[in-house]
Amino acid sequence: MIVNRMSFFIPLGTFLVILGIGYVGFSLDDRKQLPSALLDKPFPEFSANSLLDPELRIRRQDLLGKPTLVNVWATWCPTCLSEHDQLMDIAGMTEIRMVGINYKDDVEKAQRWLAQYGNPFDLVIRDERGLLGVELGVYGAPETFLLDAQGNIVYKRVGDVNPRIWRDELLPRFRLLEVEMVSRDEAS
Amino acid sequence: MSIQQVLGRWPGLFRSLALLLCLVCQGVVLPEGAAEGQIDILSFESVEQERRYRALISEFRCPKCLNTNLAGSDAPIAKDLRLLVHRLLVEEGLADDEITAYLQARYGDFVLYRPPFSSQTWYIWLVPIGLGLIAVAVVMGLLKSARRSSTQLSPEDRARLDAMIRER
């Protein structure tokens, strides 16, 4: 009798356990929760051309001295376009330094894109081959890094910077880093 | 016509299908790379180096695609990382564990299909062992109770059984 009951409940129990693990496992959106290996680490050393000024080389030291938002973008990335207005807003209402990394893109298309939709960046790095992307552990666009004045990565976002991310994730960190605001009614 | 009839009429068909299945499973039918969805044109200094390259790209997980290795992914980032592994291996002459450390430093434990044992990863190492132990315990328990119930035949049942066996 005991054997019969066991042989009934063991498969059923196993099935329920697998079902439960599957339910939990598949409802975790773990890609977005990937911790960046670079979090709390210094931004890597690099030297790359500027997208807009062929004469200009941009290096790590150009990102130091004040808090900096580094945004990895490309014209082939639709999400980059959808977050563009938010980046323009951030550039307009804060004193943060905005740096774009044009990731694996066509230079002319990228330049046209910025001319058409506006340029929120103080500096735009050209990363046609994605080499700086590899140094940053980038696996798609857009990705956004927040750096403190010493060039340490204090926050990373994979995916778009939308109003919710701005309000809940970025703004509190901007305050922590004491980024100056341009106007007072920015937190809406 | 039922499946059995078809197979009964052409036993050779069934056998070749089974053989084909085995070959496909072993990756014999398709050239290496094609089965994995990609072929990069890369040059190596030695067969040994190419073997190391293949071993490495099959052990790194594509960061974009969650459950494919670098060798098996068509994602652009996987191609970039394959080329990176190739560059580190052939041009920079790094050792396997140096290449692993390089990728781990940038993409985290996530890219490793064999992540280190740490406070974050202990369960993926221990849970299978635990499940294995539970399975062994369950099987042993079942065997034991099965043996006990078979030996616990009452004398009357035993006599009836013997009678039935004799009658046959």
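The values are calculated or read from the model by the stated rules, or taken from the named source; none is laboratory data. Since this is a predicted model, take the numbers as computed values, not measurements. Backbone-built Cβ (ideal geometry, glycine too); neighbour counts: all protein chains shown. These area figures cover heavy atoms from the full protein model, side chains too; ligands, DNA and RNA do not enter into them. Shrake-Rupley method; radii C 1.70, N 1.55, O 1.52, S 1.80 Å.
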Members of the range B:105-162 that are in contact with a strand residue (DSSP E or B) (Cβ under 7 Å, 6 or more places away or on another chain) and open to solvent by 80 Å² or more (accessible area, probe 1.4 Å): B:Tyr113
Leading residue by the ranking (nearest to A:Glu135 (Cα to Cα)) among those in the range B:54-93 that are open to solvent by less than 20 Å² (accessible area, probe 1.4 Å), not hydrophobic (A, V, I, L, M, F, W, C) and not in a helix (DSSP H, G or I): B:Pro63
2 or more residues within 14 Å of chain B (Cβ to nearest Cβ): qualifying helices (runs of 4 or more DSSP H) within the range A:73-159: A:131-135
Any hit, the range B:141-150, residues being away from chain A (no Cβ under 14 Å) and within 38 Å of the chain's Cα centre (by Cα): no
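Per-residue answers, yes or no, for (1) within 10 Å of another protein chain (Cβ to nearest Cβ); (2) touching a residue at least 12 places away in the same chain (Cβ under 8 Å):
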{"position": "B:Glu45", "(1), (2)": "no, yes"}
{"position": "B:Leu66", "(1), (2)": "yes, no"}
{"position": "B:Asp74", "(1), (2)": "no, yes"}
{"position": "B:Ala78", "(1), (2)": "yes, yes"}
{"position": "B:Ala101", "(1), (2)": "no, no"}
{"position": "B:Leu112", "(1), (2)": "no, yes"}
{"position": "B:Phe117", "(1), (2)": "no, no"}
Residue within the range A:46-67 that is within 14 Å of chain B (Cβ to nearest Cβ) and either open to solvent by 60 Å² or more (accessible area, probe 1.4 Å) or in a helix (DSSP H, G or I) (or both) present: no
